[in-house]
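One structure is given here, and the rest of the page talks about it.
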Amino acid sequence: MRKHVVILAIGILVLSSCSLFEPRVPQDPSNSGVVWQDPTSPDIVVENMQSALNGKSLLYLDCLSDSFEFFADTNDINDYPTYNFNDWTKGDEALTVTALFAVVPGDSSITSEFSMDISHPDPAAPADSTIIYREYSITVPQSFHCGTGTPAVGIAELVLTEDSEGFWSILEWHDVRHEETNWVTWAVAKAYYR
């Protein structure tokens, strides 16, 4: 009798745990490790952008407004006349970062850091649009201008807007060269892939 109870208990256990042996739905590899928050403030947009870049994720594009425009520093335009910095829209950004992410080896990652530019503090209570400044360092392994360990460095002047649902996105990125370094800007680092 005891043997039958044990067999019955094992049978019930096996039948109730069949889902343990089913394959799980795989996580989208392009979003692995990306921490994403609803962009309810300009700061959160920057945090999302940093996380998406570090994760080589096209969620990066979700930080940008549909009307997004990127503007290179005038010095970069003059120093790199063969690069196309003109009319840089969200569509151009999508093609560029997709190509840039593709050169990063699978076992490597992008390292980006955005910090407040203390000479330009954030506005206290932005209404429906604002301008914030972030000093950045973005290292892309195996990129043309940013080889292993060499960062793109500069200041991002970001114009952000808030939509009707209270979510913020970047409308314009004005890239500013850091005069104190000899490193290239983000504009130059990614323009090669445009």
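Note on 49, 116: ascending count of other Cβ atoms within 10 Å places them as 116, 49, the fewest first. Listing 67, 164 from fewest to most neighbouring C-beta atoms within 10 Å gives 164, 67. Going from the residue with the fewest nearby Cβ atoms within 10 Å to the one with the most, 194, 134 rank 194, 134. Across the range 89-102, rounded Karplus estimates of 3J(HN,Hα) from the backbone phi angles (6.51 cos²θ - 1.76 cosθ + 1.60, θ = phi - 60°) give 9, 4, x, 5, 4, 4, 5, 5, 6, 4, 5, 5, 4, 5 Hz, Gly and Pro being marked x.
The numbers here are math on the coordinates, done by the rules we state, and not lab data. Being a predicted model, the structure only gives us computed values, none of them experimental. Cβ atoms come from the backbone with ideal geometry, glycine included; neighbour counts cover every protein chain shown.
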